[in-house]
1. So, residue 310, is that one touching a residue at least 24 places away in the same chain (Cβ under 8 Å), under 22 Å from residue 223 (Cβ atoms) and under 19 Å from the mean Cα position of the chain (by Cα) or not?
2. Go through the residues of region 347-365 one by one and say whether even a single one is assigned to a helix (DSSP H, G or I) and crowded, with 21+ Cβ neighbours inside 10 Å.
3. Run down 49, 15, 43, 88 and say which single residue is under 24 Å from residue 402 (Cα atoms), crowded, with 24+ Cβ neighbours inside 10 Å, out of contact with any helix residue (DSSP H, G or I) (no Cβ under 7 Å at 6 or more places or on another chain) and assigned by TED's automatic domain parsing to the domain that holds residue 182.
4. Please determine, by comparing only the residues of region 336-345 that are in a loop (DSSP other than H, G, I, E, B) and touching a helix residue (DSSP H, G or I) at 6+ places or on another chain (Cβ under 6 Å), which one is surrounded by the fewest Cβ atoms within 10 Å (Cβ to Cβ).
5. Could you count how many residues in region 152-167 are surrounded by 14 or more Cβ atoms within 10 Å (Cβ to Cβ) and either modelled with pLDDT of 80 or more or out of contact with any helix residue (DSSP H, G or I) (no Cβ under 8 Å at 6 or more places or on another chain) (or both)?
6. Of the conditions (1) assigned to a helix (DSSP H, G or I); (2) in contact (Cβ under 8 Å) with a residue 24 or more places away in the chain, residue 89 satisfies every one except a single condition; which number is it?
7. With the requirement that a residue be out of contact with any strand residue (DSSP E or B) (no Cβ under 9 Å at 6 or more places or on another chain), part of a loop (DSSP other than H, G, I, E, B) and surrounded by fewer than 17 Cβ atoms within 10 Å (Cβ to Cβ), what does region 366-393 give you?
8. Just the residues that are closer than 24 Å to residue 392 by Cα and crowded, with 23+ Cβ neighbours inside 10 Å, please, taken from region 193-215.
(Lines give C-alpha, C1' and ligand atoms only; values in the text may rest on other atoms or scores of the structure.)
Protein backbone atom coordinates (compact mmCIF):
# COMPACT_ATOMS: atom_id res chain seq x y z
CA UNK A 1 0.00 0.00 0.00
CA UNK A 2 1.96 2.99 -1.29
CA UNK A 3 -0.63 5.75 -1.13
CA UNK A 4 -2.45 6.12 2.17
CA UNK A 5 -5.93 7.58 2.63
CA UNK A 6 -5.56 9.68 5.77
CA UNK A 7 -8.16 11.60 7.75
CA UNK A 8 -6.91 14.43 9.99
CA UNK A 9 -9.45 15.43 12.67
CA UNK A 10 -9.23 18.54 14.86
CA UNK A 11 -11.52 20.59 17.12
CA UNK A 12 -9.57 23.85 17.10
CA UNK A 13 -10.12 26.59 14.53
CA UNK A 14 -8.16 25.94 11.34
CA UNK A 15 -5.55 27.29 11.14
CA UNK A 16 -5.95 30.39 13.35
CA UNK A 17 -6.10 28.56 16.70
CA UNK A 18 -2.34 28.70 17.11
CA UNK A 19 0.28 25.97 17.28
CA UNK A 20 -2.07 23.01 16.83
CA UNK A 21 -3.68 24.62 13.80
CA UNK A 22 -0.33 25.37 12.19
CA UNK A 23 0.97 21.87 12.97
CA UNK A 24 -2.05 20.29 11.27
CA UNK A 25 -1.67 22.72 8.37
CA UNK A 26 1.89 21.49 7.81
CA UNK A 27 0.84 17.84 8.15
CA UNK A 28 -1.92 18.29 5.58
CA UNK A 29 0.31 20.03 3.05
CA UNK A 30 3.37 17.79 3.31
CA UNK A 31 1.54 14.46 3.45
CA UNK A 32 -0.45 15.54 0.39
CA UNK A 33 2.72 16.58 -1.42
CA UNK A 34 4.21 13.18 -0.57
CA UNK A 35 1.47 11.57 -2.66
CA UNK A 36 -1.05 10.55 -0.01
CA UNK A 37 -4.78 11.18 -0.18
CA UNK A 38 -5.27 13.40 2.88
CA UNK A 39 -8.52 14.99 4.04
CA UNK A 40 -8.82 17.51 6.86
CA UNK A 41 -11.98 17.33 8.99
CA UNK A 42 -12.29 20.55 11.01
CA UNK A 43 -14.97 22.76 12.61
CA UNK A 44 -16.91 25.05 10.29
CA UNK A 45 -16.31 27.91 12.75
CA UNK A 46 -13.47 30.32 11.90
CA UNK A 47 -12.36 28.03 9.07
CA UNK A 48 -9.87 29.19 6.43
CA UNK A 49 -9.56 26.78 3.46
CA UNK A 50 -6.03 25.34 3.09
CA UNK A 51 -4.04 26.05 -0.05
CA UNK A 52 -2.94 22.42 -0.28
CA UNK A 53 -5.05 19.37 0.56
CA UNK A 54 -8.71 18.39 0.72
CA UNK A 55 -10.98 19.42 3.54
CA UNK A 56 -14.44 18.91 5.00
CA UNK A 57 -16.05 21.47 7.31
CA UNK A 58 -18.02 19.77 10.07
CA UNK A 59 -20.69 21.06 12.45
CA UNK A 60 -19.42 21.94 15.91
CA UNK A 61 -20.61 22.89 19.37
CA UNK A 62 -19.39 26.32 20.47
CA UNK A 63 -20.81 29.23 22.42
CA UNK A 64 -20.40 32.53 20.51
CA UNK A 65 -17.30 34.41 21.55
CA UNK A 66 -15.56 31.46 23.21
CA UNK A 67 -11.97 30.59 22.24
CA UNK A 68 -10.85 27.77 19.98
CA UNK A 69 -10.23 25.33 22.82
CA UNK A 70 -13.94 25.51 23.68
CA UNK A 71 -14.91 24.37 20.18
CA UNK A 72 -16.05 20.73 19.94
CA UNK A 73 -16.77 18.75 16.78
CA UNK A 74 -20.29 17.40 16.79
CA UNK A 75 -19.64 13.68 17.33
CA UNK A 76 -22.67 11.43 17.08
CA UNK A 77 -23.38 7.98 15.60
CA UNK A 78 -25.58 9.29 12.77
CA UNK A 79 -22.90 11.67 11.49
CA UNK A 80 -20.22 9.00 11.92
CA UNK A 81 -22.28 6.49 9.93
CA UNK A 82 -22.77 8.96 7.07
CA UNK A 83 -19.08 9.83 7.03
CA UNK A 84 -18.02 6.17 7.07
CA UNK A 85 -19.94 5.62 3.82
CA UNK A 86 -18.81 8.85 2.17
CA UNK A 87 -15.10 9.06 2.99
CA UNK A 88 -12.97 5.92 2.44
CA UNK A 89 -9.94 6.05 4.76
CA UNK A 90 -7.07 3.78 5.74
CA UNK A 91 -6.18 5.55 8.99
CA UNK A 92 -7.63 8.23 11.25
CA UNK A 93 -5.41 10.78 12.97
CA UNK A 94 -7.07 12.80 15.75
CA UNK A 95 -5.46 15.92 17.23
CA UNK A 96 -7.60 16.97 20.25
CA UNK A 97 -9.09 15.14 23.23
CA UNK A 98 -12.55 16.54 22.52
CA UNK A 99 -15.08 15.87 19.77
CA UNK A 100 -12.35 15.03 17.26
CA UNK A 101 -11.16 12.13 19.38
CA UNK A 102 -14.66 10.67 19.81
CA UNK A 103 -15.72 11.17 16.20
CA UNK A 104 -12.48 9.56 15.09
CA UNK A 105 -13.06 6.68 17.51
CA UNK A 106 -16.58 6.11 16.16
CA UNK A 107 -15.27 6.04 12.58
CA UNK A 108 -12.44 3.72 13.56
CA UNK A 109 -14.97 1.31 15.02
CA UNK A 110 -17.38 1.52 12.05
CA UNK A 111 -14.72 1.37 9.32
CA UNK A 112 -12.46 -1.12 11.15
CA UNK A 113 -9.37 1.02 10.65
CA UNK A 114 -6.77 2.23 13.18
CA UNK A 115 -6.90 5.50 15.05
CA UNK A 116 -3.71 7.45 15.73
CA UNK A 117 -3.87 10.26 18.28
CA UNK A 118 -1.50 13.17 18.97
CA UNK A 119 -1.31 14.78 22.42
CA UNK A 120 -0.71 18.50 21.88
CA UNK A 121 -2.05 19.74 25.22
CA UNK A 122 -0.68 19.64 28.77
CA UNK A 123 -3.83 19.72 30.90
CA UNK A 124 -1.88 19.47 34.15
CA UNK A 125 0.09 22.61 33.32
CA UNK A 126 -2.98 24.85 33.28
CA UNK A 127 -3.80 24.58 37.00
CA UNK A 128 -1.24 27.11 38.24
CA UNK A 129 -2.52 30.02 36.14
CA UNK A 130 -6.15 29.02 35.57
CA UNK A 131 -7.10 26.94 38.65
CA UNK A 132 -10.88 27.22 38.30
CA UNK A 133 -11.12 26.41 34.60
CA UNK A 134 -8.45 23.71 34.75
CA UNK A 135 -10.05 22.21 37.84
CA UNK A 136 -13.42 21.93 36.12
CA UNK A 137 -11.79 20.25 33.10
CA UNK A 138 -9.93 17.79 35.33
CA UNK A 139 -12.82 16.83 37.59
CA UNK A 140 -15.88 17.18 35.36
CA UNK A 141 -14.39 16.10 32.04
CA UNK A 142 -11.16 14.09 32.34
CA UNK A 143 -12.17 12.24 35.51
CA UNK A 144 -15.92 12.34 34.94
CA UNK A 145 -17.43 12.47 31.49
CA UNK A 146 -14.42 11.19 29.54
CA UNK A 147 -14.05 8.17 31.83
CA UNK A 148 -17.55 7.11 30.74
CA UNK A 149 -17.39 8.19 27.10
CA UNK A 150 -14.07 6.65 26.10
CA UNK A 151 -15.04 2.99 26.61
CA UNK A 152 -18.63 3.61 25.48
CA UNK A 153 -17.80 5.20 22.12
CA UNK A 154 -14.53 3.59 21.12
CA UNK A 155 -13.88 0.13 19.79
CA UNK A 156 -12.81 -0.96 23.31
CA UNK A 157 -9.34 -1.81 21.97
CA UNK A 158 -7.81 -0.98 25.30
CA UNK A 159 -4.81 -2.10 27.30
CA UNK A 160 -5.00 -2.44 31.08
CA UNK A 161 -3.11 0.40 32.72
CA UNK A 162 -0.88 -0.26 35.70
CA UNK A 163 -0.75 1.93 38.78
CA UNK A 164 2.20 4.28 39.14
CA UNK A 165 3.59 6.01 42.19
CA UNK A 166 3.43 9.79 42.52
CA UNK A 167 6.92 11.30 42.69
CA UNK A 168 7.89 14.37 44.69
CA UNK A 169 8.18 16.32 41.44
CA UNK A 170 4.55 15.75 40.44
CA UNK A 171 1.96 18.40 41.19
CA UNK A 172 -1.42 17.70 42.76
CA UNK A 173 -3.16 17.28 39.40
CA UNK A 174 -0.28 15.76 37.43
CA UNK A 175 -1.04 12.12 38.18
CA UNK A 176 -4.85 12.19 37.62
CA UNK A 177 -4.56 14.40 34.52
CA UNK A 178 -1.85 12.30 32.87
CA UNK A 179 -3.63 9.15 33.99
CA UNK A 180 -6.67 10.46 32.12
CA UNK A 181 -4.58 11.07 29.00
CA UNK A 182 -3.24 7.54 29.35
CA UNK A 183 -6.85 6.32 29.17
CA UNK A 184 -7.27 8.17 25.89
CA UNK A 185 -4.03 6.61 24.64
CA UNK A 186 -5.03 3.11 25.72
CA UNK A 187 -7.94 3.08 23.25
CA UNK A 188 -5.99 3.98 20.10
CA UNK A 189 -3.57 1.91 18.05
CA UNK A 190 -0.70 4.42 18.09
CA UNK A 191 -0.21 7.79 19.77
CA UNK A 192 2.31 10.59 19.47
CA UNK A 193 3.31 13.87 21.07
CA UNK A 194 5.59 16.61 19.75
CA UNK A 195 7.37 16.78 23.14
CA UNK A 196 9.23 14.05 25.00
CA UNK A 197 8.22 15.29 28.47
CA UNK A 198 4.50 14.85 27.65
CA UNK A 199 5.05 11.45 26.04
CA UNK A 200 7.12 10.32 29.01
CA UNK A 201 4.50 11.54 31.50
CA UNK A 202 1.70 9.64 29.74
CA UNK A 203 3.76 6.46 29.56
CA UNK A 204 4.69 6.87 33.24
CA UNK A 205 1.03 7.38 34.17
CA UNK A 206 0.18 4.12 32.42
CA UNK A 207 2.69 2.23 34.50
CA UNK A 208 4.85 1.82 31.41
CA UNK A 209 2.41 -0.30 29.40
CA UNK A 210 1.95 2.35 26.69
CA UNK A 211 5.64 2.63 25.86
CA UNK A 212 5.35 0.52 22.70
CA UNK A 213 2.61 2.67 21.16
CA UNK A 214 3.96 6.15 21.97
CA UNK A 215 6.19 8.10 19.56
CA UNK A 216 7.73 11.57 19.86
CA UNK A 217 7.42 13.52 16.60
CA UNK A 218 8.54 17.17 16.79
CA UNK A 219 6.53 19.65 14.76
CA UNK A 220 7.93 20.82 11.45
CA UNK A 221 8.36 24.48 10.53
CA UNK A 222 6.31 25.67 7.58
CA UNK A 223 7.84 27.33 4.53
CA UNK A 224 7.00 30.97 5.39
CA UNK A 225 9.14 30.81 8.55
CA UNK A 226 11.97 29.00 6.80
CA UNK A 227 12.15 31.47 3.92
CA UNK A 228 11.35 34.77 5.62
CA UNK A 229 14.01 37.47 5.78
CA UNK A 230 14.12 40.46 8.06
CA UNK A 231 12.87 43.68 6.42
CA UNK A 232 12.93 46.06 9.36
CA UNK A 233 16.10 48.05 9.65
CA UNK A 234 18.32 48.22 12.73
CA UNK A 235 16.81 51.45 14.03
CA UNK A 236 18.20 51.33 17.56
CA UNK A 237 14.88 50.09 18.99
CA UNK A 238 14.85 46.59 20.47
CA UNK A 239 11.54 45.00 19.55
CA UNK A 240 10.21 42.21 21.75
CA UNK A 241 7.38 40.08 20.37
CA UNK A 242 4.85 37.62 21.78
CA UNK A 243 2.69 35.38 19.58
CA UNK A 244 -0.04 33.12 20.93
CA UNK A 245 -3.34 32.82 22.75
CA UNK A 246 -4.05 35.58 25.26
CA UNK A 247 -5.21 33.27 28.03
CA UNK A 248 -3.99 32.94 31.65
CA UNK A 249 -1.81 29.87 31.14
CA UNK A 250 0.24 31.69 28.47
CA UNK A 251 1.24 34.34 31.07
CA UNK A 252 1.34 37.26 28.64
CA UNK A 253 0.44 39.44 31.64
CA UNK A 254 3.86 38.53 33.09
CA UNK A 255 5.51 39.67 29.85
CA UNK A 256 3.72 43.02 30.06
CA UNK A 257 4.62 43.44 33.74
CA UNK A 258 8.24 42.63 32.96
CA UNK A 259 8.25 45.10 30.08
CA UNK A 260 6.82 47.83 32.32
CA UNK A 261 9.52 47.03 34.89
CA UNK A 262 12.17 47.21 32.13
CA UNK A 263 11.28 50.91 31.63
CA UNK A 264 13.40 51.41 28.50
CA UNK A 265 12.39 53.98 25.89
CA UNK A 266 14.62 52.29 23.31
CA UNK A 267 12.35 49.20 23.27
CA UNK A 268 8.88 48.17 22.18
CA UNK A 269 6.66 45.14 22.69
CA UNK A 270 4.42 43.69 19.98
CA UNK A 271 1.68 41.25 21.04
CA UNK A 272 0.00 39.06 18.40
CA UNK A 273 -3.04 36.99 19.31
CA UNK A 274 -6.47 36.94 20.85
CA UNK A 275 -8.08 35.28 23.82
CA UNK A 276 -9.99 35.67 27.06
CA UNK A 277 -7.49 38.20 28.46
CA UNK A 278 -7.32 40.50 25.43
CA UNK A 279 -9.21 43.40 27.02
CA UNK A 280 -7.52 42.92 30.39
CA UNK A 281 -4.06 42.96 28.83
CA UNK A 282 -4.82 46.08 26.79
CA UNK A 283 -5.86 47.88 29.98
CA UNK A 284 -2.71 46.70 31.75
CA UNK A 285 -0.59 47.96 28.85
CA UNK A 286 -1.97 51.46 29.32
CA UNK A 287 0.22 51.85 32.41
CA UNK A 288 3.44 51.68 30.38
CA UNK A 289 5.48 54.88 30.74
CA UNK A 290 8.62 53.97 28.80
CA UNK A 291 8.64 52.40 25.36
CA UNK A 292 5.35 51.25 23.86
CA UNK A 293 3.15 48.16 23.61
CA UNK A 294 1.35 47.35 20.36
CA UNK A 295 -1.50 44.82 19.94
CA UNK A 296 -2.12 43.49 16.42
CA UNK A 297 -5.01 41.21 17.35
CA UNK A 298 -5.20 37.69 15.83
CA UNK A 299 -3.41 37.03 12.54
CA UNK A 300 -4.20 33.95 10.43
CA UNK A 301 -1.86 34.59 7.50
CA UNK A 302 1.37 32.65 8.05
CA UNK A 303 3.41 34.95 5.83
CA UNK A 304 2.33 37.96 7.90
CA UNK A 305 3.11 36.24 11.20
CA UNK A 306 6.49 35.05 9.91
CA UNK A 307 7.39 38.57 8.82
CA UNK A 308 6.39 40.06 12.16
CA UNK A 309 8.54 37.50 13.98
CA UNK A 310 11.50 38.00 11.66
CA UNK A 311 11.32 41.79 12.09
CA UNK A 312 11.45 41.48 15.88
CA UNK A 313 14.69 41.36 17.87
CA UNK A 314 13.59 38.99 20.67
CA UNK A 315 10.77 36.45 20.83
CA UNK A 316 9.41 36.17 24.39
CA UNK A 317 7.52 33.16 25.78
CA UNK A 318 6.51 33.25 29.46
CA UNK A 319 4.39 30.08 29.77
CA UNK A 320 5.70 27.81 32.50
CA UNK A 321 5.07 24.07 32.82
CA UNK A 322 2.12 24.37 30.43
CA UNK A 323 3.18 24.25 26.79
CA UNK A 324 3.99 20.97 25.08
CA UNK A 325 6.21 21.89 22.13
CA UNK A 326 5.28 25.44 21.18
CA UNK A 327 5.32 25.91 17.43
CA UNK A 328 6.27 29.51 18.09
CA UNK A 329 9.71 28.55 19.42
CA UNK A 330 10.84 26.59 16.38
CA UNK A 331 9.19 29.19 14.15
CA UNK A 332 11.11 31.99 15.86
CA UNK A 333 14.35 30.01 15.59
CA UNK A 334 13.71 29.35 11.91
CA UNK A 335 12.97 33.06 11.29
CA UNK A 336 16.31 33.97 12.86
CA UNK A 337 14.80 35.64 15.93
CA UNK A 338 16.50 35.15 19.34
CA UNK A 339 14.33 33.61 22.05
CA UNK A 340 13.78 34.40 25.72
CA UNK A 341 11.80 31.79 27.69
CA UNK A 342 11.44 30.48 31.25
CA UNK A 343 10.42 26.80 31.06
CA UNK A 344 13.49 24.50 30.98
CA UNK A 345 11.36 21.59 29.73
CA UNK A 346 10.93 23.31 26.34
CA UNK A 347 14.03 21.95 24.66
CA UNK A 348 12.82 21.81 21.05
CA UNK A 349 13.98 24.91 19.17
CA UNK A 350 16.05 26.25 22.06
CA UNK A 351 19.73 26.06 22.97
CA UNK A 352 22.17 28.28 24.92
CA UNK A 353 23.31 29.66 21.56
CA UNK A 354 19.94 30.95 20.34
CA UNK A 355 17.85 31.35 23.51
CA UNK A 356 18.08 32.89 26.97
CA UNK A 357 16.49 30.85 29.76
CA UNK A 358 15.29 32.88 32.76
CA UNK A 359 13.30 32.15 35.89
CA UNK A 360 9.52 32.56 35.47
CA UNK A 361 9.00 35.51 37.84
CA UNK A 362 8.47 39.04 36.50
CA UNK A 363 11.74 40.43 37.87
CA UNK A 364 13.75 37.69 36.14
CA UNK A 365 11.91 38.27 32.86
CA UNK A 366 12.64 42.00 33.11
CA UNK A 367 16.34 41.32 33.76
CA UNK A 368 16.43 39.02 30.75
CA UNK A 369 14.89 41.72 28.56
CA UNK A 370 17.45 44.25 29.79
CA UNK A 371 20.33 41.82 29.21
CA UNK A 372 19.36 41.17 25.60
CA UNK A 373 18.38 44.75 24.76
CA UNK A 374 21.85 45.89 25.82
CA UNK A 375 23.75 43.61 23.42
CA UNK A 376 22.67 43.78 19.78
CA UNK A 377 25.82 41.97 18.69
CA UNK A 378 24.76 39.01 20.79
CA UNK A 379 21.29 39.12 19.27
CA UNK A 380 22.70 38.80 15.76
CA UNK A 381 24.73 35.74 16.78
CA UNK A 382 21.70 34.21 18.48
CA UNK A 383 19.59 34.72 15.37
CA UNK A 384 22.11 32.89 13.17
CA UNK A 385 22.34 30.04 15.68
CA UNK A 386 18.56 29.71 15.66
CA UNK A 387 18.42 29.30 11.91
CA UNK A 388 21.07 26.57 12.06
CA UNK A 389 19.25 24.78 14.88
CA UNK A 390 15.92 24.84 13.06
CA UNK A 391 17.26 23.07 9.98
CA UNK A 392 16.46 19.69 11.55
CA UNK A 393 12.78 20.57 12.08
CA UNK A 394 11.65 20.27 8.49
CA UNK A 395 8.03 19.58 7.58
CA UNK A 396 9.23 16.77 5.32
CA UNK A 397 10.80 15.00 8.31
CA UNK A 398 7.63 15.38 10.34
CA UNK A 399 5.48 14.02 7.49
CA UNK A 400 7.82 11.04 7.01
CA UNK A 401 7.69 10.20 10.73
CA UNK A 402 3.88 10.34 10.71
CA UNK A 403 3.78 8.10 7.65
CA UNK A 404 5.86 5.53 9.56
CA UNK A 405 3.41 5.68 12.47
CA UNK A 406 0.41 5.28 10.13
CA UNK A 407 1.89 2.22 8.45
CA UNK A 408 2.81 0.69 11.80
CA UNK A 409 -0.74 1.33 13.06
CA UNK A 410 -2.26 -0.34 9.99
CA UNK A 411 0.06 -3.33 10.40
CA UNK A 412 -0.66 -3.90 14.08
CA UNK A 413 -4.36 -3.01 14.07
CA UNK A 414 -6.72 -5.77 15.17
CA UNK A 415 -10.40 -5.11 14.29
CA UNK A 416 -12.88 -5.44 17.17
CA UNK A 417 -14.96 -8.60 17.19
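The values are calculated or read from the model by the stated rules, or taken from the named source; none is laboratory data. Just so it is clear, the model here is predicted, and its values are computed rather than measured. We place every Cβ from the backbone using ideal geometry, glycine too, and count neighbours over all the protein chains shown.
1. Values: touching a residue at least 24 places away in the same chain (Cβ under 8 Å): yes; under 22 Å from residue 223 (Cβ atoms): yes; under 19 Å from the mean Cα position of the chain (by Cα): no.
When the stated conditions are applied, residue 310 does not pass them.
2. Just the residues of region 347-365 that are assigned to a helix (DSSP H, G or I), to begin with: 362-365.
So of that shortlist, the ones also crowded, with 21+ Cβ neighbours inside 10 Å come out as 365.
Yes, that holds for at least one residue.
3. None of the other options fit; the residue is 43.
4. Applying the first criterion (in a loop (DSSP other than H, G, I, E, B)) to region 336-345 yields 336-338, 342-345.
Applying the additional criterion that residues be touching a helix residue (DSSP H, G or I) at 6+ places or on another chain (Cβ under 6 Å) yields 336-338, 345.
On the way: 336: 22, 337: 29, 338: 25, 345: 17.
By that ranking, first place goes to 345.
5. So the first thing to find is which residues in region 152-167 are surrounded by 14 or more Cβ atoms within 10 Å (Cβ to Cβ), and the list is 153-155, 157-159, 161, 164.
Now narrow it down to the ones that are either modelled with pLDDT of 80 or more or out of contact with any helix residue (DSSP H, G or I) (no Cβ under 8 Å at 6 or more places or on another chain) (or both): 157.
So the answer is 1.
6. Against the list (1) assigned to a helix (DSSP H, G or I); (2) in contact (Cβ under 8 Å) with a residue 24 or more places away in the chain, residue 89 comes up short only on (1).
7. Of everything in region 366-393, those that are out of contact with any strand residue (DSSP E or B) (no Cβ under 9 Å at 6 or more places or on another chain), part of a loop (DSSP other than H, G, I, E, B) and surrounded by fewer than 17 Cβ atoms within 10 Å (Cβ to Cβ) turn out to be 375, 391, 392.
8. Hits for region 193-215 are 193, 194, 195, 198.
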